[in-house]
Structure formats: C-alpha cells, structure tokens
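Here the structure comes first, spelled out in structure tokens, and everything after it is commentary.
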Number of protein chains: 2
Amino acid sequence: MRVKEVAALSGVSVRTLHHYDEIGLLKPAVTTEAGYRIYSDGNLSELQQILYYRAIGFSLKQIKEILRNPSFNRLEALESQRQMLHRKRTQLDDMIKTIERTIKEGKGEVTMSHEERFKGFDFSGNPYEQEAKDRWGEEIVDETTKKMNQFGSENQEKMNEIYRRLAEVRHLPADSEEAQATIGEWYQFLNTIGTYSLDAFAGLGEMYMADERFKTNIDQFGQGLACFMRDAMKEFTQTKN
Amino acid sequence: MRVKEVAALSGVSVRTLHHYDEIGLLKPAVTTEAGYRIYSDGNLSELQQILYYRAIGFSLKQIKEILRNPSFNRLEALESQRQMLHRKRTQLDDMIKTIERTIKEGKGEVTMSHEERFKGFDFSGNPYEQEAKDRWGEEIVDETTKKMNQFGSENQEKMNEIYRRLAEVRHLPADSEEAQATIGEWYQFLNTIGTYSLDAFAGLGEMYMADERFKTNIDQFGQGLACFMRDAMKEFTQTKN
DNA sequence: TGTAAGGCCTGACGTAACGTAAGAGTCAAC
DNA sequence: GTTGACTCTTACGTTACGTCAGGCCTTACA
C-alpha cells in the first residue's frame, strides 16, 4: 500500500507519512528502488497506535520512545490509551457543561464565578508524565522515600554529593559523557539502596517531573535539575537497552 | 487582575496572554504606565470564548476575525460552540469505540477492516468552513445556483469573464488593489442577480471552499481560484466594514 | 523609609509538526 | 510509445507559543 492510499485510509497527509518516515517514527515495510514507500498491514496497525497517542497529546518524540521501548506491549498500550481517551472525554464533558452554564448566564438565569468560567480548561497535565504516574505511581515514590528515610548520614551525604555534582553538569546536554557518567553513579547508588531495573530507573526519572514532591526537593540543588535528571536518566536507559 | 492571576484561573500561560495581546486578539482593559496588563471581567469572558474556539480547532487568526465581526453575537456564538463541542465529543466516542474494538481484535475476538481501524480519525474537517456551512448552509448554495441557472447568455458570459479575470490575478495577494477591484466587480455582479450583504458575500466565499460543488466548478478556471476568491472576498468584506 | 522578594515587562531566539511548492523520476493504463 | 496520475526529495514557510535574559515595578515587612 502506497502513500496516497494510506493517507486516504488513515486521514493523515502524505507529507505526514514522509515526515514520520524521516524521523524514524513509522518506517514503511519496503522502500522500492525508485524510493516508493510500501506500507504493510503491520505498518497500519502501528500508524493507528501512533495516531491514538497523537490525539491524546503525546509529542512525536515521546511516541517514538514509547514504541521503541523493548518492553512495549501492544495490548497494554491500547488499554492505557483507552483510559486516557476516557479522561479526555471527561474533560470535554466538563467543557460542555461549562458552556451550557455560560449560555444560561448570558440569559440571566444563573451567575458564574471566575473559577466556574474556566472549568474544563486545565490542559496543563502532561499525558506522558501522567502515564508515568499511572505506571509507576505512588509506589515508587513511597518506596524510594522510605529507603531514603532509613539512610545513615554517610548515604545521605553521598546522595547530596551526587545531586550537587549533577547540578554542576546540568548545563551540559543530557547525553554528554560527563552527564551520563554522573547519572550512572546515581543509578548505582540507587541500586545499593534498592533494586531498580533500567525501566524503573527511567520511570523514576519521569516521576521526578510528574510528582511535585520529588521535583521540589531536587530543584533545591539547582533550578531545572529535576528536568535535567529526568532527561539524563532516560538517555542512560536508552543507551543501555 | 494581572497576568499571573488570569493565567492561574484560565489555564493559559503568561506568555500566551502576552502573545494574545501582541496579536490584538485579547487586549487588556488597562495597561498601566509601567506596562502592566490589567484584565477586566469582560476580558475574562472574552478569553473564555477564545479558549473555546481554540479547543474546537480554530486558528487564532480565525478567532480574531470572528470576534471582530460587527455582527458577532455572543449568545449565538456560545450556542454554536456548544454544537461544535458536541461534534468533537461524537468523534471522540468513535475513537473510543474503535480502540475498544482494536483491543478485542488483539485478543482474537473480532477482525477489523482497514477502514474500521481508522474510524474516528478524520480530522480533515475544517471547523471554520464547517461553521460557514452551518451558518449559510445549503440555502445560499441553492439560491445562488438557482439564480445562475436563470441566466441569459449575456450574464453567463459576463460571469465567466469575471472568473477568467480573477484567475489571471490569483497569483497576486488577495488584498492587492487589482484583486480587490476585480472582486468588487464580482460583488456588484452578484448584486445584480440577487441581494448580498457584505456578510453574506464573505459567507459565500467560505462556501466556495466548504462546498465541493462550488470549489470544483470554480477551480476549473484555474487551480486554487476558489481559495483565492474566498480570501479576496473576506478581505473585501473586512475593508468595507 | 528602606529593603527584599516576587511579579512584571520587552525583546528575541528556538521549537514542533507539519503545509506548500518546485522540479524531476516512476508507474499503470491505453 | 504516450499521457496523466503518482511519487520522490529538497527546502522554505507557518503557527503558537516556550524559554531565557536583563531590567523595571509592586507589595509586604522591619
């Protein structure tokens, strides 16, 4: 199946298919000698999954990361996407309720507070972070916190030292040698106080941004440190996988 | 109310409020000597309306045009937006149904055609054009068509001549003198065969893009002519208003 | 009154995800 | 072989902000 047919079927443009090929998001099964892209049935399933993530609000980069994760499980992902769509549906319901109330307000039937006026308009939630929260959840936060609370002063100092070193390199790219070396030490340190798979390590990194407690604590060592660590941990995981 | 408070209330960023001020979409009621933006209650109502159009899929430019139209009626707009949100919800429901069916497919419970796989993913509808269709609808199409069917050959030739002239200038900007002069003739011509207000004229221009029959007919005189005429008619209307 | 912290401004560069267009090669039907 | 539709690559442009820097403004408290 060539680009025009796929475009007509799926609702995306030919340009979009080119773009997704270029960025490595959706590679066609076959590319002919003439350069024509031939898409398989598997490609169509993949495209469907991509379009769902896109519709939910994931960036293409994030989508690519999810699909390339060795532990990616299609059925699990579909279930997760279904839940996320329901959340969108709930938000849309809120918006409809708010506009209906606004229409009533306009007719003088009700009054509205400022808060009511914008109910349904909170788009600040980042679905990628929300997904991490759903997946790793409170458990990893509590478990890590509990372990850290059991620290002796030697580990506490060690932890703070790594934070400080990370804060110092946070102006570097997250994939630089220095950043990766230091984040490697963080990974090892965490595995002296617990057992973290690479996936869990990356998940924890996402929680640094998704969970306000983590973020606030870490950013005390330097502005944007939580964000930097999240990126470096993700990079570390992808390099080791 | 200053930017931080408005941002927290509405869910948009401070940068967004700056941007909307810059482009003239949402001007604060007061700007202090220090340059501080002070938003009024009326500004909040306006922002709500903007955010609804944005959520539905209108570009900021389109939103600005709608809000600035002298015949803009707030209650009517809210009702129209409510309907558009219902359409979005229907589409979201389709997507949810499709993903549920995909999950079943993944478990081997059902099979799926290619068409079924992408049901719900048709985002090609342009809400602005759809709005024009809703507003001016079949009526204006049929009325204009009927009138043109009653032409003598003199009017028919006159109409074709204007189309040809427009096709010749379509490479120019829609707001250029030449384009506007020719589109002015089109406006006059239409008003010899019927009565078109400026709003209706602009609405007809939108229908040239929204209704496939119009588009196909007009584009026979030159590729992209319908699009050009739509733009020029809109510009003509805004200049005269 | 002075101070400090938080808030706000403008200017400006960068980003993501394509849309559009041009020029040229490929494919399929007649 | 021809023609029209399809496809390619290249490359520039668009929209709607996000991010950041440097500096001014406001408010609460000592």
* Once you have the Cα-Cα distance between A:Gln238 and A:Ser13, take 0.36 nm times their residue separation minus that, and quote the gain in nm to one decimal. => 77.9 nm
* What spacing in nm lies between the two simple spin-label points modelled at B:Ser59 and A:Ser45, each 7 Å away from Cα in the Cβ direction? -> 3.9 nm
* State whether chain A is rounded, prolate or oblate according to the following rule on the C-alpha gyration tensor (a ≥ b ≥ c being the square roots of its eigenvalues): a/c under 1.5 gives rounded; otherwise a/b larger than b/c gives prolate, and the remaining case gives oblate. => oblate
* To do: Work out the charge dipole of the protein assembly as shown with +1 on the Cβ of Lys and Arg and -1 on the Cβ of Asp and Glu about the Cα centre, then indicate which of A:Ser113, A:Phe72, B:Asn217 is farthest towards its positive end.
  => A:Ser113
* Label-to-label distances across copies for A:Gln188, with labels 7 Å out along Cα→Cβ, in nm, shortest first? -> 8.6
* Structure fact -> Note: A:Val30 to A:Phe72 extended length (0.36 nm per residue) minus current alpha-carbon separation gives 12.8 nm
* To do: Determine, for B:Leu9, A:Leu225, the number of other Cβ atoms within 10 Å of each Cβ, and report the residues in order from fewest to most.
  => B:Leu9, A:Leu225
* Measuring label to label, 7 Å along Cα→Cβ, what does A:Asp122 give against each other copy in nm, shortest first? -> 3.5
* Between chain A and chain B, with a rotation axis joining them, whose C-beta in A is nearest that axis, and what is the whole-Å distance? -> A:Leu92, 3
* To do: Using only C-alpha positions, report the orientation-averaged shadow area of the convex hull of the stretch A:23-118, nm², one decimal.
  => 9.5 nm²
* Structure fact -> Distances in nm between the label point of A:Asp94 (7 Å along Cα→Cβ) and its equivalents in the other copies, shortest first, are 2.6
* Equivalent ellipsoid dimensions for the stretch A:74-117 as semi-axes, Å, which come from the Cα gyration tensor, largest first -> 34, 8, 4
* Tell me what chain A gives for mean residue ellipticity at 222 nm when only DSSP H runs of n ≥ 4 count, each as -39,500 (n - 2.57), the sum divided by the residue total, rounded to 500 deg cm²/dmol. => -23500 deg cm²/dmol
* **Debye intensity ratio I(q)/I(0), log10, the protein assembly as shown, q values 0.07 Å⁻¹ (C-alpha model)** => -0.54
* To do: Note down the nm distance, to one decimal, between modelled labels 7 Å out along Cα→Cβ at B:Lys97 and at B:Lys4.
  => 4.9 nm
* Gain in length, A:Asn191 to A:Gln156, computed as 0.36 nm per residue apart minus the alpha-carbon separation, to one decimal in nm? -> 11.1 nm
* What is the dipole size for the protein assembly as shown, taken about its Cα centre, with +1 at each Lys and Arg Cβ and -1 at each Asp and Glu Cβ, in debye to the nearest 20? -> 300 debye
* Would you calculate the separation in nanometres between label points at A:His171 and B:Ser113, each defined as 7 Å from the Cα along the Cα-to-beta-carbon direction? => 6.1 nm
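How large is the translational diffusion coefficient of the stretch A:3-68 in µm² per second when you combine the Kirkwood radius over alpha carbon pairs with Stokes-Einstein at 4 °C and 1.567 mPa s?
108 µm²/s
In what sequence do A:Phe236, B:Phe58, A:Phe221 fall when counting other Cβ within 10 Å, fewest first?
A:Phe221, B:Phe58, A:Phe236
Chain A: longest stretch without exposed GluC sites (Glu not before Pro) (DSSP loop, at most 12 other Cβ within 10 Å), sites themselves excluded?
Of all site-free stretches, the longest is A:110-241.
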* Structure fact -> Filtered hits (lysines, Cα-Cα < 30 Å from A:Lys240, offset >= 8 within chain) -> A:Lys27, A:Lys61, A:Lys64, A:Lys133, A:Lys146, A:Lys147, A:Lys158, A:Lys215
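Once R0 is set to 30 Å, what does the formula 1/(1 + (r/R0)^6) return for the Cβ-Cβ distance between B:Arg89 and B:Gln220, expressed as a FRET efficiency to the nearest 0.05?
About 0.20, to the nearest 0.05.
Computed from the coordinates by the stated procedures, all read-outs in this text should not be read as laboratory data. In this text the structure is predicted, and so the values were computed from the model without any measurement. Cβ coordinates were reconstructed from backbone atoms using ideal geometry, including for glycine residues, and neighbour counts include every protein chain displayed.
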